[in-house]
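Quick notes on the structure that follows.
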Amino acid sequence: MNDAHLHLLVNHFPIIGTIFGLGILISGILLKNNTVKSTAYVLFIVAAIFVAFSMGTGEGAEELVEDMPSVGKQIIHEHEEMAEKLAFILYVLGVISLGGLYLNFKKHTRAKLISYVALIVALVGVFLAQQTGTTGGEIRHTEIRSDVFQTTGVEENSTGGKQEGSEDKD
């Protein structure tokens, strides 16, 4: 198993974990339930751990795919930049979550404040996770690139067949 395999195995959890964690945290805030909030904190901490693994395998994965046809160094660079931003936010969210777990355990008066701080950081994290996932998918899935028609010069017509160019010929 090489770094590309490992990267594909671990890179999904930071995204999915952050999204699920956000939903659970919102539920915990609405229900005023510290146990539910603590569950979200644990998910955020695990997402931060997995983002470290994902960052660690990303460089090796890059080396394996950067010279493949239809994979440009620019697209990999964009993904890497987004991944670094996401990693930073998830590390911050992980630390906030550790604090939230501790304050919930101690039934501290600031536990509620920490949950709102975590909520804001998690919202940013979900946005960056979506961007990172999209840029990562674009590396090998050329069909989801926003410039797919410009780069291929081919688009599907209404019957599902291929048609050269994207201009109307009336």
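Each value in this text was obtained by applying a stated rule to the coordinates, not by laboratory testing. Note that this is a predicted model, so its numbers are computed, not measured. Methodologically, a virtual Cβ is constructed for each residue, glycine included, from the backbone with ideal geometry; neighbour enumeration extends over all protein chains shown.
Taking 0.36 nm per residue of separation and subtracting the Cα-Cα distance, what length does fully extending residue 77 through residue 140 add? Don't jump to the answer; show the numbers that get you there.
Details: separation 63, 0.36 × 63 = 22.68 nm, distance 1.37 nm.
Net length gain for the segment: 21.3 nm.
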Give me the net charge for the shell around residue 5: Cβ to Cβ below 15 angstrom, other residues only, Lys and Arg +1, Asp and Glu -1. -3
With the Cα gyration tensor of the stretch 1-120 in hand, give its eigenvalues times 5 under a square root as the equivalent ellipsoid semi-axes, listed largest first in whole angstrom. 34, 12, 11
Could you give the length gained by full extension between residue 85 and residue 127, i.e. 0.36 nm per residue of separation minus their alpha carbon distance, to one decimal place? 14.0 nm
Rg(Cα)/(2.2 N^0.38 Å) for the stretch 25-73, N = residue count: 1.88
Taking 12-20, 71-79 and ranking on average Cβ neighbours within 10 Å, highest first, one gets 12-20, 71-79
